[in-house]
Amino acid sequence: MVLLERPVLDFQAGARTHVLPPATSRLSQSYNRVLAIRELPDGRALMATRDSAVPLLADFQSGVVTPVGRTGSGPGEFREVRSILALGGDSSLVDDQQNARWSILAGARFVRSHPTWRVGWYGPRLAGADTSGGVLELVPIRYGAQAGVQVNQIPQNAESVLVVRHQRALAGSVRAIQRTDTIVRLRGAFRGVRRVQRRLGPDPGKGVGAWFELRAILAGDDQALLFPDGWIAVAWQEPYRVDWRSPVGTWQRGSPLPFVRVPVDEAQRRAAVSREWPRSPDLFAPGDFPSWPRFLPPFLGDALLALPDGRLAVRRTADGRSNEVVYDLIDRNGMLTGRLVVPGNTILLAPGRDALYVLVRDQDDLERVSRHPWPPVTRGGRESETDGTRP
């Protein structure tokens, strides 16, 4: 298979832009939201979706998808799976927020559970796990006090966030957390909130009035991700850069990365609203949302993906003038070594041993999962005349 390669002019000489190869297999089912996917050593994959209270086991060769466990609160039962993280071997951590617990699976077999915290509808927000059983949690510590309305304290919409690493929390079987380290404090995505009322129904003049609590759509936040080998990547908004923390606590500070400031004009605002509300793009106007930035931020929420070669992929903020999205590929020196371009309705969901799991959103805002070969730009090794290390 031949990949298209296009030279780029805005980062280190020798690096190349690649496009995603065609899918080799895909699931026939569509989902309202696919939240996570974790490839097992046997090639099957565990999935978390909003359509199912329990994990799903997907076989991409046969296309068969089967539930894992039952709905409920007993052993081996689930009520709301939000994420699935790979631990060592075939062990996985399943975050069940409604039951306020983490469950361990060996392959697709339930092992044990461990209780976690929960406030209202929300519980821990996890940002990766490593093969020793450690997990990274993003802990909200401050919300906007002057929002003008009562603010639902949503972990993904905090004003300030602590990155906390739980050492050896769950590895194969559940045991007590041995040590907790606070890594760094990040700026969250909270930029205010605005309550608006809309009448819903075929006749807007006679529909049922409903209140919506709208957050800033283009609010960039700092982010962190724990890699399987214990390294932590921290991506900063201002200036756009990536720092790395080793398992022993030493830091590798990255230099500012290439970033072209794109003004947020009315066309960009309308494009952002359409992406946020694809099924009803005319329900809200840009003026209904709080705090539009002057320029597109480098990246938005959940933008980080760990690649098998140790690099970080950062999903850049979509430009409303383009139908493509760019992923920056950043090595552990904080250098930008490559770029992967995908269609605007495509999200890189998870890495596998020999494949990349990709999410494609259709015009009805339904999602399908497909498997694609790894492009050379994400397999490690040399991409052209540079290996991504500092000279």
Is it fair to say ARG279 is in a loop (DSSP other than H, G, I, E, B), basic (Lys, Arg) and over 19 Å from the mean Cα position of the chain (by Cα)?
yes
Any chance ARG241 is over 30 Å from ALA129 (Cβ atoms) and in contact (Cβ under 8 Å) with a residue 12 or more places away in the chain
no
Confirm whether LEU40 is surrounded by 14 or more Cβ atoms within 10 Å (Cβ to Cβ), within 19 Å of GLY89 (Cα to Cα) and among the aliphatic types (A, V, I, L, M).
yes
Which residue pairs have Cβ atoms under 7 Å apart, sit 6 or more places apart or on different chains, and have a first residue in the range 277-306 that is at positive phi and a second that is charged (D, E, K, R)?
SER291/ARG191
Going through VAL260, VAL248 one at a time, which residue ends up being assigned to a loop (DSSP other than H, G, I, E, B), among the aliphatic types (A, V, I, L, M), modelled with pLDDT of 90 or more and within 20 Å of VAL135 (Cβ to Cβ)?
VAL248
So how many residues does the range 143-193 have that are at pLDDT below 70, in a strand (DSSP E or B) and surrounded by fewer than 21 Cβ atoms within 10 Å (Cβ to Cβ)?
3
Any residue in the range 331-338 that is buried (at least 21 other Cβ atoms within 10 Å of the Cβ) and under 23 Å from ARG275 (Cβ atoms)?
no
So if I check each of GLY63, GLY88, which one is touching a Leu at 6+ places or on another chain (Cβ under 7 Å) and assigned to a loop (DSSP other than H, G, I, E, B)?
GLY63
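The values are calculated or read from the model by the stated rules, or taken from the named source; none is laboratory data. Values in this document were obtained by computation on a predicted structure and should not be read as measured data. Using ideal geometry, Cβ is built from the backbone for each residue, glycine included, and neighbour counts are taken over all protein chains shown.
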